[in-house]
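Beneath this line is the structure, given in structure tokens, with notes to follow.
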Amino acid sequence: MIAPVALSSSLSVASPTGPSRIGMSTPARAAGGTDFASMVSGAAESALHTLRAAETTTAAGISGQADVQSVVQALSNAEVTMQTIVAVRDKVLSAYNDIIHMGV
């Protein structure tokens, strides 16, 4: 499952000396926080790890090396992870469409 993260410090892109560019050092990163790109990357890696673990456990269950409970639990974790991925994707696409349809 994707670990919850605090977004308040990672969304800050303006510094006291003026706006900073994406990828440059921000106050949040300098204070020990993480930037948005590394947060998204970590969440994606965690999701992939969960899905691969479910695949491995399912294969072990088919070959008789894993019990039914562990297979069901792994598949349940994979299902929740996939639902979260789809929900985030839908929110990102919705935000993108809202930005595209804004009047200038």
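Structure data summary
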| read-out | value |
| --- | --- |
| Failed item in (1) surrounded by 15 or more Cβ atoms within 10 Å (Cβ to Cβ); (2) modelled with pLDDT of 95 or more; (3) out of contact with any helix residue (DSSP H, G or I) (no Cβ under 6 Å at 6 or more places or on another chain), with GLN69 passing the rest | (1) |
| Which listed residue is in contact (Cβ under 8 Å) with a residue 40 or more places away in the chain, hydrophobic (A, V, I, L, M, F, W, C) and surrounded by 15 or more Cβ atoms within 10 Å (Cβ to Cβ), from ALA74, ALA54, ALA47, ALA60 | ALA47 |
| Residue, surrounded by the most Cβ atoms within 10 Å (Cβ to Cβ), within the stretch 77-90, restricted to residues that are of a type outside the set (Asp, Glu) and without any contact (Cβ under 8 Å) to a residue 24 or more places away in the chain | VAL88 |
| Matching residues in the stretch 17-52 - criterion: being modelled with pLDDT of 95 or more and in contact with a helix residue (DSSP H, G or I) (Cβ under 6 Å, 6 or more places away or on another chain) | ALA47, THR50, LEU51 |
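The values are calculated or read from the model by the stated rules, or taken from the named source; none is laboratory data. The shown structure was predicted, so the numbers you read here are calculated from the model rather than taken from an experiment. All Cβ positions, even for glycine, are placed from backbone atoms using ideal geometry, and neighbour counts span all protein chains on display.
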